[in-house]
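J.: I have a structure I would like to understand better, so I am pasting it below and will then ask my questions one at a time.
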Amino acid sequence: MPIDRELQRDLSGCRAAHAVLLDRLEAWSAAGGDPSAPSRLPGWTVGHVLTHLARNADSLVGMVVAADEGRVADQYPSRESRDADIEAGAGRSAAELVADCRATIDRLEAAWSRSEFEGTGRGLIVKVIPIAELPHRRWREVEVHHVDLGLGHEPEDWPTEYVRLELRRQEMTAKSRMPMGMTTWPPSVLAMSDARRLAWLYGRHDEPGLPELAPWA
């Protein structure tokens, strides 16, 4: 089956994000990076974030392989098992964490290279996920968690095309999260750069004067 333009864009964008992440991780590890250092996610170390990225890649491989065989697979057996895997892997050395991330990225990109991108999988929150959506979901996962690592990658480093695509998506879904009575963005939101506004919508940026959005449903 020919791959459509949007799917090809997402695959290319995700592969580029993988490459940027791995380059940074190799430099971080070579410089004696500390996996036990706190990340920007409350309660998670850098090791937790890297383990999550690796296990996320493996979860997508399982969904893609199952769909190619005509089956529908769960992304994770349960939220509890996902969290336990992250906790179990977070304490590894920098070299082990980087090797895990690289190996799982290689497996995912190899699975994509063989896939027809047909069928669906089941997520923990979204119960029906088209396999063709996985490259964009993974692209978002990598870009956002690269920032969460706190290793120098910032929202301003997100590719322009990624920001354009995701800002449009996130602003559409944010309407339901606006404070009561708010129908348009206030000047404090409009004054931000597109990348900072997207980071704010993700819950990754805050500053005085910004409205408080309701949590995602």
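J.: How would you classify the stretch 41-154 from its alpha-carbon gyration tensor, with a ≥ b ≥ c the square roots of the eigenvalues: rounded for a/c under 1.5, else prolate if a/b is greater than b/c, otherwise oblate?
T.: prolate
J.: Same structure, new question: Using a Förster radius of 25 Å, what is the FRET efficiency between ASP58 and ALA31 based on their Cβ-Cβ separation? Nearest 0.05, please.
T.: 0.40
J.: Related question: Let me spell out the model: positive unit charges on the Cβ of Lys and Arg, negative unit charges on the Cβ of Asp and Glu, origin at the Cα centre of the chain. What dipole size does that give, in debye rounded to 20?
T.: In debye, rounded to 20, the chain gives about 480.
J.: With loop defined by DSSP as not H, G, I, E or B, and exposure as at most 15 other Cβ atoms within 10 Å, which is the longest segment of the chain clear of exposed trypsin sites (Lys or Arg not before Pro)?
T.: 128-217
J.: Can you classify the stretch 2-85 as rounded, prolate or oblate using the Cα gyration tensor, where a ≥ b ≥ c are the square roots of its eigenvalues, rounded means a/c under 1.5, and otherwise it's prolate if a/b beats b/c and oblate if not?
T.: Oblate, because a/c is 1.5 or more while a/b does not exceed b/c.
J.: What is the chain by shape, rounded, prolate or oblate, if you read a ≥ b ≥ c off the alpha carbon gyration tensor as root eigenvalues and call it rounded for a/c under 1.5, prolate for a/b larger than b/c, and oblate otherwise?
T.: oblate
J.: Just add up the charged neighbours of ARG71: K/R +1, D/E -1, any other residue whose Cβ is under 13 Å from the Cβ of ARG71.
T.: Net charge around ARG71: -3.
J.: Something else now. Report the residue, chosen from TYR162, TYR202, TYR76, that carries the largest GNM mean-square fluctuation when the chain is represented by alpha-carbon nodes joined by springs under 10 Å.
T.: TYR202
J.: Calculated FRET efficiency, ARG92 and ARG168, Cβ-Cβ r, R0 35 Å, to nearest 0.05?
T.: Plugging the Cβ-Cβ distance into 1/(1 + (r/R0)^6) gives 0.40.
J.: Taking the Cα centre of the stretch 5-153 as the origin and placing charges on Cβ (Lys, Arg +1; Asp, Glu -1), which of HIS136, SER81, ALA31 is farthest toward the positive end of the dipole?
T.: Of the candidates, HIS136 comes out farthest on the positive side.
J.: Something else: Pick from LEU149, LEU53, LEU201: which is most flexible by mean-square fluctuation in a GNM of the chain where alpha carbon atoms under 10 Å apart are linked?
T.: Looking only at LEU149, LEU53, LEU201, the biggest GNM fluctuation is shown by LEU201.
J.: Express the relative contact order of the chain as a whole percentage, based on alpha carbon pairs under 8 Å and six or more residues apart in sequence.
T.: 23
J.: Of SER59, SER78, SER12, which has the largest mean-square fluctuation in a 10 Å C-alpha GNM of the chain?
T.: Looking only at SER59, SER78, SER12, the largest GNM fluctuation is found for SER78.
Values quoted throughout were computed directly from the atomic coordinates according to the rules given, and no laboratory measurement underlies them. Not measured: the values here are computed from a predicted model. In this analysis, Cβ positions are derived from the backbone assuming ideal geometry, glycine residues included, and neighbour counts consider all displayed protein chains.
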